[in-house]
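The values are calculated or read from the model by the stated rules, or taken from the named source; none is laboratory data. The structure presented is a predicted model; accordingly, all values stated were derived computationally and were not measured. No Cβ is skipped: glycine too gets one built from the backbone with ideal geometry, and neighbour counts run over all protein chains shown.
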Amino acid sequence: MYSIAVIPGDGTGPEVIAEALKVLDATAKLKGFRYRTNTYDFGARRYLATGKIIDDGDVQELRSYDAMLLGAVGHPDVPPGILEKGLLLRLRFELDQYINLRPVKLYPGVECPLADKSPEDIDFVVIRENTEGLYTGMGGITYKGTPNEVATQVMCNTRYGVERCIRYAFELTRKRNRKKMLTLCGKTNVLTFAHDLWWRTFNEVGEEYPDIKRDYAHVDATCMWMVKNPEYFDVIVTCNMFGDIITDLGAMIQGGMGVAAGGNINPAGVSMFEPIGGSAPKYTGKNVINPIAAISAMGMMLEHLGEHEAADAVERAVVHVTANRLRSMSAGKMGYSTSEVGDLVVEAVGAAK
Ligand code: IPM
Ligand code: MN
């Protein structure tokens, strides 16, 4: 029996999570695994009503789950940074989810903004370091509001943090068994301290993986190639900030925020899966948002839990629906409502039996 913590969160988060749970239920019945969910009301509504985000006790409680499923975080009435830092980043950091795994895969039938690129061309994985880099909150502001104001934001990289991320990336590249090529995405020509550490660690750890080809690209060139020749990539490993940026670009070339899913992974603890788009305030409550990303995030969760057959069934069902049923991946243009898309995936899961 799997125990799953569900945090629907803000905006359209609850709408897409409801569909992911519908598909989870159908898949469990089909494949015969059992689970129970507990829902947490963390997010903007609770914060605006009570001033509370999450406390130590909440974090402690979440450690007891097998996995977590998160909808979205962020609300126009809450200043930027409060919920992001207080909820999402806090969970990633305190639960030591040091890998952010973001597959970039174009499914058949999904419209791609790149001319002449098809599903065979867009199928790679980004491994984003998830607990360090520019995200630690180190730095500060002095002389605030004066002409002498100074603001620093420190890019913190530890050998320990970089090494475990890179090691995970080599392992995944081996397991994936495609081109067997791992690209380090950095900026060694400018970040001559921080990314020198990445570069040296990459090459040292790489010695232990003679079967994996080591490749390097600066982050700006990575962006260029993701548009020009995405077929080049197999697995990309990168720091937190660069990973954040290139995976939004990745989401666009795989059909948009409606389809992009990711996992915040602690290989030795509890991991959290989420659609990578935001809370989409303007679509909230309209039943028009695309739930495919949340459904795929749930599929990634099943894979992580070791339910490989169930995860495959979810992916096949998603592919069936995107290829044959949806007119577009964009909110309001799918030809179906949010809940109808969930129903279509449930139906496809059943049909694939
Ligand atoms: C993401 C998001 C977050 C990030 C924000 C909401 C803090 O953009 O998951 O990519 O920057 O990591
Ligand atoms: Mn992001």
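Is there any pair linking a residue in region 310-324 that is not assigned by TED's automatic domain parsing to the domain that holds VAL345 to one that is of a type outside the set (Ser, Thr, Tyr) and buried (at least 23 other Cβ atoms within 10 Å of the Cβ), with Cβ under 8 Å and at least six apart or on different chains, and which?
So the pair list comes out empty.
Pairs needed: first member in region 53-67, in a helix (DSSP H, G or I); second member anywhere, at pLDDT 95 or above and among the aliphatic types (A, V, I, L, M); C-beta distance under 6 Å; at least 6 residues apart or different chains.
The qualifying pairs are LEU62/ALA5.
Only one residue in GLY139, GLY161 is out of contact with any Cys (no Cβ under 8 Å at 6 or more places or on another chain) and at positive phi. Which one?
GLY139
Kindly indicate which of ASP220, ASP244 is of a type outside the set (S, T, N, Q), in contact (Cβ under 8 Å) with a residue 12 or more places away in the chain and within 16 Å of ligand 2 (Cβ to nearest atom).
ASP244
Evaluate the following for MET155: is it in contact with an Asp or Glu (Cβ under 9 Å, 6 or more places away or on another chain) and farther than 15 Å from PHE273 by Cα?
So MET155 passes the test.
Answer yes or no as to whether VAL341 is farther than 13 Å from VAL23 by Cβ and part of a helix (DSSP H, G or I).
no
Could we say that LYS52 is surrounded by fewer than 16 Cβ atoms within 10 Å (Cβ to Cβ) and within 16 Å of ligand 2 (Cβ to nearest atom) here?
So LYS52 fails the test.
From MET224, MET241, MET272, MET257, grab the single residue that is within 16 Å of ligand 1 (Cβ to nearest atom) and part of a helix (DSSP H, G or I).
MET241
So the check is Cβ under 8 Å with 6+ separation or different chains; which pairs have a first residue in region 82-95 that's of a type in the set (A, V, I, L, M, F, W, C) and a second one that's more than 14 Å from ligand 2 (Cβ to nearest atom) and in a helix (DSSP H, G or I)?
So the pair list comes out as ILE82/TYR47; LEU83/ALA44; LEU83/TYR47; LEU91/VAL59; LEU91/LEU62; LEU95/VAL59; LEU95/LEU62.
Applying the selection to region 257-288, what residues are within 21 Å of GLY342 (Cα to Cα) and more than 13 Å from the chain's Cα centre (by Cα)?
SER279, ALA280, PRO281, LYS282, TYR283, THR284, GLY285, LYS286, ASN287, VAL288
Can you pull out the residues in region 26-50 that are under 23 Å from GLY306 (Cα atoms) and more than 22 Å from the chain's Cα centre (by Cα)?
ALA26, ALA28, LYS29, LEU30, LYS31, GLY32, PHE33, ARG34, TYR35, ARG36
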